[in-house]
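Undergrad: What follows is a structure written as structure tokens; I'll ask about it next.
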């Protein structure tokens with residue numbers, strides 16, 4: 001197991017440590033680190049971090065539910081970010097009637113959340129699939145503060 005995989009702890013990793021891990025690791029090391037923790041546990045930590053980095057002043061009075069479908073080894077891991085009344089809630093599972101759905105593989109998702117990949121470019125290259133309100137889905141990144149940014 002690589003150094004990156006040994007040092008990855010989804011519950012205790014700071015946002016800055018997460019970004020550094022993603023910056024310095026190759027795709028295989030990212031997968032190894034997440035699998036060593038457990039995909040669901042790692043995603044739980046990532047979505048908790050997204051909830052914490054939500055900027056209500058950027059969302060205004062928006063009301064939306066965005067479902068992320070993260071695919072790892074052919075298995076889908078759906079998570080929903082619900083934005084209501086200036087607050088953001090992250091929960092496991094797909095929204096019943098999402099404003100938009102974003103689907104991508106595990107490594108692409110991790111790189112995008114860590115600011116190491118651009119959502120628009122990922123969409124244009126086919127690595128990020130969008131359905132539903134495409135205009136809203138493209139604005140999602142702007143509602144969250146990236147660590148160090």
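Undergrad: Which condition number in (1) touching a residue at least 12 places away in the same chain (Cβ under 8 Å); (2) surrounded by fewer than 16 Cβ atoms within 10 Å (Cβ to Cβ); (3) assigned to a helix (DSSP H, G or I) is the one that residue 89 fails?
TA: Single failed check for residue 89: (3).
Undergrad: Then there is this: Report yes if some residue within segment 72-83 is in a strand (DSSP E or B), surrounded by fewer than 20 Cβ atoms within 10 Å (Cβ to Cβ), modelled with pLDDT under 95 and over 12 Å from the mean Cα position of the chain (by Cα); otherwise report no.
TA: No: segment 72-83 contains no residue that is in a strand (DSSP E or B), surrounded by fewer than 20 Cβ atoms within 10 Å (Cβ to Cβ), modelled with pLDDT under 95 and over 12 Å from the mean Cα position of the chain (by Cα).
Undergrad: To continue, here is another question. Which residues, counting only those in segment 93-110, are out of contact with any strand residue (DSSP E or B) (no Cβ under 6 Å at 6 or more places or on another chain), within 15 Å of residue 46 (Cβ to Cβ) and either surrounded by fewer than 20 Cβ atoms within 10 Å (Cβ to Cβ) or without any contact (Cβ under 8 Å) to a residue 40 or more places away in the chain (or both)?
TA: Residues satisfying the conditions are 104, 108.
Undergrad: Continuing with this model, one more query. Any residue in segment 128-149 that's within 15 Å of residue 88 (Cα to Cα): show its pairings with residues that are at pLDDT 85 or above and loosely packed, with under 15 Cβ neighbours inside 10 Å at Cβ separation under 7 Å, as long as the two are six or more apart or on different chains.
TA: 142/58; 143/55; 143/58; 144/55; 145/55
Undergrad: Follow-up. Quick check on my filter: what residues within segment 93-103 are under 11 Å from residue 128 (Cα atoms) and either in contact with a helix residue (DSSP H, G or I) (Cβ under 7 Å, 6 or more places away or on another chain) or not in a strand (DSSP E or B) (or both)?
TA: Scanning segment 93-103 gives a single hit, 102.
The values are calculated or read from the model by the stated rules, or taken from the named source; none is laboratory data. This structure is a prediction, so every number in the text was calculated from the model and none was measured. All Cβ positions, glycine included, derive from the backbone under ideal geometry; neighbour counts span all protein chains shown.
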